[in-house]
Amino acid sequence: MLAKVCSCAIVGLDGALIEVEVDVAQGLAGFSIVGLPDAAVNEAKERVRAAIKNSGCLFPVRRITVNLAPADLRKEGPSFDLPIAIAILLAAGQITQRQIIEESLFLGELSLDGSVKHTTGVLPMVALAREMNIKAVFVPATDAMEASLVDGVAVFPVRTLAELVAHLNGEQYIEQYKRDPDLFSVLEKQVFSIDMAAIRGQEHVKRALEVAASGGHNILMSGPPGAGKTLLARSLPSILPRMRIEEALDVTRVYSVSGLLPPGIPLIMQRPFRAPHHTVSHAGLVGGGRIPRPGEISLAHRGILFLDELPEFAQIALESLRQPLEDKIVTISRANGTFSYPANFMLVAAMNPCPCGFLTDPAHECTCSQTSIGRYQKRLSGPLLDRFDIHIEVPRVDYEKLADKRKIEDSAAIRARVQKARERQEQRFRGTALTCNAEMGPSEVSRFCQVDSAGESLLKGAMQQLHLSARAFHRILKLALTIADLAGSDVIAAQHLAEAIQYRPKVGL
């Protein structure tokens, strides 16, 4: 007898509908799975067999053939266990309600005792069910909260295979999962490990970070060891604007596919902060591998990618950042297909000015030769450095500032100004795909960056004296627009441009 059950696979970050076909026929007993299954899918034979027996059902001692269609799409992971088990029981006549099964989608890994375990990528798979007009999804109970984020689909939490069989036979119904109406407000409460009020001194660096957060600009901090570069970078999430629901769902989809959603948190409302070690591989940073997976730049989507000790990273890894920084997306091509992952992130980096770190420190003598300094600084190419909107020096903090007991402005006050500037940008870019000033292209710069006459004269002089590239010209205008947004101005004035120009490196690129 033939039975069909709908399930789902993940291709990149999107779901792909999979039809699980099972034929239970006469002949020599056997169990085979076809349709390009990987090792985890092939091992489902033993898990499904044991789960069916331990759930009080009869495993048919016949020739069982499972086909995962379409056959040319590679199937990965254990999420096909549950649909395979349901299809076998349906073909064997142990489940009678075919109509419910035809209108539903099934996801989940089975334990040997029949309990249903967590599976990754639930959010994009349930989103696909809504697109395909599938009325209900049966997911592991631990993933029901995540699945409920997609409106328009009935979510049924499944704890055991026996419980699901009883539901499908009309013996004991599983209650539909109802999302907590206060879920979003609960998840919006953010806790930050480092507050700006804990950092003494470095007021000009804090101002640069405020500008970077307001417009989504990339920033490079350079200074001697112990000046506070890493601490400042790790405090940056505390002043970032809150994510909209659309952005949160976008980030959650990446983490769901990667299997990195924290337990009990179905929706990521806090902007990601990723800080990979400088020994990270090219595939680990950008994404890829034998089975392509999102890299650190995609896990930092809508958030921050912090690269500490920037020159220590492999050059091939750093140069691979250039295209994602411009396009906000990374495309990985392999023999078995092409995968695209989002990569719209703020790049925050820190570095020492030389190998010993004391080149710019008046209190310590640099012990590096000119050759070693040049070799160290040349690890970063000009095109990569030109993609940083803000270059800022982080000097050593004096004793007087460290010992000062006066109250310092906290992150909440700075975040309020940043949020106000972002709201101006959302209003400006309404009706477009842009969310902040850093995402503007040349056409948007020409349209939105209105400079007064004094500002135009200043910009012309800077272009001639600093020998700025066309990319640097556009980045200065975008940065100046962010500074104007912080000031509540609709026109870029000379003082806004002056501050933006001072954030360029000492040598024009």
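The values are calculated or read from the model by the stated rules, or taken from the named source; none is laboratory data. Quick caveat, the model's predicted, so the values are computed rather than measured. Cβ: placed from backbone, ideal geometry, glycine included. Neighbour counts: every protein chain shown.
What tally of residues in the range 95-113 results from selecting those that are buried (at least 18 other Cβ atoms within 10 Å of the Cβ) and over 19 Å from V41 (Cβ atoms)?
Just the residues of the range 95-113 that are buried (at least 18 other Cβ atoms within 10 Å of the Cβ), to begin with: 95, 101, 104-110.
Adding the requirement that they be over 19 Å from V41 (Cβ atoms) leaves 95, 101, 104.
The qualifying residues number 3.
Hand me the list of helices (runs of 4 or more DSSP H) wholly inside the range 394-499 holding 1 or more residues that are within 32 Å of the chain's Cα centre (by Cα).
Hits in the range 394-499: 411-428, 442-448, 470-487.
Among the residues of the range 360-384, write down those that are surrounded by 16 or more Cβ atoms within 10 Å (Cβ to Cβ) and without any contact (Cβ under 8 Å) to a residue 24 or more places away in the chain.
C366, C368, I373 - these are the residues of the range 360-384 that are surrounded by 16 or more Cβ atoms within 10 Å (Cβ to Cβ) and without any contact (Cβ under 8 Å) to a residue 24 or more places away in the chain.
Which of the residues belonging to the range 240-253 are surrounded by 18 or more Cβ atoms within 10 Å (Cβ to Cβ) and closer than 30 Å to K206 by Cβ?
Result: L240, P241, M243, E247, A248, V251.
Quick one: which of V394, V445 is aliphatic (A, V, I, L, M), touching a Lys or Arg at 6+ places or on another chain (Cβ under 8 Å) and without any contact (Cβ under 8 Å) to a residue 40 or more places away in the chain?
Checking each option against the conditions leaves just V445.
Looking at the range 331-349, which of the residues that are surrounded by fewer than 22 Cβ atoms within 10 Å (Cβ to Cβ), in a strand (DSSP E or B) and touching a residue at least 12 places away in the same chain (Cβ under 8 Å) is nearest to the chain's Cα centre (by Cα)?
We begin by selecting, within the range 331-349, every residue surrounded by fewer than 22 Cβ atoms within 10 Å (Cβ to Cβ); these are 331-340, 342.
Then keep just the ones that are in a strand (DSSP E or B); that gives 331-334, 337-340, 342.
Now restrict to residues that are touching a residue at least 12 places away in the same chain (Cβ under 8 Å): 332, 334, 337, 339-340, 342.
Numbers: I332: 16, R334: 21, G337: 21, F339: 15, S340: 13, P342: 7 Å.
It comes out as P342.
Hey, does the range 292-309 have a residue that's touching a Phe, Trp or Tyr at 6+ places or on another chain (Cβ under 8 Å) and polar (S, T, N, Q)?
Yes; the residues of the range 292-309 include at least one that is touching a Phe, Trp or Tyr at 6+ places or on another chain (Cβ under 8 Å) and polar (S, T, N, Q).
Among the residues of the range 200-213, is any of a type in the set (V, I, T), farther than 21 Å from I18 by Cβ and assigned by TED's automatic domain parsing to the domain that holds L105? Write out each step before concluding.
Filtering the range 200-213 for residues of a type in the set (V, I, T) gives 205, 211.
Narrowing further to those that are farther than 21 Å from I18 by Cβ: 205, 211.
Filter again for assigned by TED's automatic domain parsing to the domain that holds L105, leaving none.
No, there is no match, as no residue in the range 200-213 is of a type in the set (V, I, T), farther than 21 Å from I18 by Cβ and assigned by TED's automatic domain parsing to the domain that holds L105.
I'd like to check something: does the range 295-308 contain any residue that is without any contact (Cβ under 8 Å) to a residue 40 or more places away in the chain and farther than 30 Å from A198 by Cα?
No, the range 295-308 contains no residue that is without any contact (Cβ under 8 Å) to a residue 40 or more places away in the chain and farther than 30 Å from A198 by Cα.
Suppose we keep only residues that are free of Cβ contacts under 8 Å to residues at least 60 places away in the same chain and in a loop (DSSP other than H, G, I, E, B) within the range 104-147. Which one would you say is nearest to A85 (Cα to Cα)?
Here the answer is G108.
Which ranges mark the helices (runs of 4 or more DSSP H) fully within the range 154-259 that have 2 or more residues being under 29 Å from the mean Cα position of the chain (by Cα)?
Values: elements: 161-168, 183-187, 203-215, 229-235, 245-258.
Because the criterion is at least 2 residues that are under 29 Å from the mean Cα position of the chain (by Cα), the helices (runs of 4 or more DSSP H) in the range 154-259 that meet it are 183-187, 203-215, 229-235, 245-258.
Somewhere in the range 287-295, is a residue out of contact with any Gly (no Cβ under 6 Å at 6 or more places or on another chain), hydrophobic (A, V, I, L, M, F, W, C), surrounded by 18 or more Cβ atoms within 10 Å (Cβ to Cβ) and assigned by TED's automatic domain parsing to the domain that holds Y341? Show your work before the answer.
So in the range 287-295, the residues out of contact with any Gly (no Cβ under 6 Å at 6 or more places or on another chain) come out as 288-293.
Okay, now just the ones that are also hydrophobic (A, V, I, L, M, F, W, C), so 291.
When the remaining residues are screened for being surrounded by 18 or more Cβ atoms within 10 Å (Cβ to Cβ), the result is none.
Within the range 287-295 (the criterion being out of contact with any Gly (no Cβ under 6 Å at 6 or more places or on another chain), hydrophobic (A, V, I, L, M, F, W, C), surrounded by 18 or more Cβ atoms within 10 Å (Cβ to Cβ) and assigned by TED's automatic domain parsing to the domain that holds Y341), the answer is no, since none of the residues qualifies.
Residue check, R387 against (1) of a type in the set (K, R); (2) closer than 27 Å to A498 by Cβ; (3) exposed (fewer than 15 other Cβ atoms within 10 Å of the Cβ), all met but one. Which one?
Answer for R387: the failing condition is (3).
Go through the range 210-219 and report how many residues are within 10 Å of V348 (Cβ to Cβ) and surrounded by fewer than 24 Cβ atoms within 10 Å (Cβ to Cβ).
Total meeting the criteria: 1.
If A162 satisfies all but one of (1) surrounded by fewer than 23 Cβ atoms within 10 Å (Cβ to Cβ); (2) in contact (Cβ under 8 Å) with a residue 24 or more places away in the chain; (3) on the phi < 0 side of the Ramachandran plot; (4) outside the structural domain of K135 (by TED's automatic domain parsing), what's the number of the condition it fails?
Here A162 meets the rest and fails (4).
Matching residues to (1) closer than 26 Å to E163 by Cα; (2) of a type in the set (G, A, S); (3) touching a helix residue (DSSP H, G or I) at 6+ places or on another chain (Cβ under 8 Å); (4) in the same structural domain as A154 (by TED's automatic domain parsing):
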residue: D14; (1), (2), (3), (4): no, no, yes, yes
residue: G35; (1), (2), (3), (4): no, yes, no, yes
residue: A44; (1), (2), (3), (4): yes, yes, yes, yes
residue: A50; (1), (2), (3), (4): yes, yes, no, yes
residue: G56; (1), (2), (3), (4): yes, yes, yes, yes
residue: F80; (1), (2), (3), (4): yes, no, yes, yes
residue: A85; (1), (2), (3), (4): yes, yes, yes, yes
residue: I88; (1), (2), (3), (4): yes, no, yes, yes
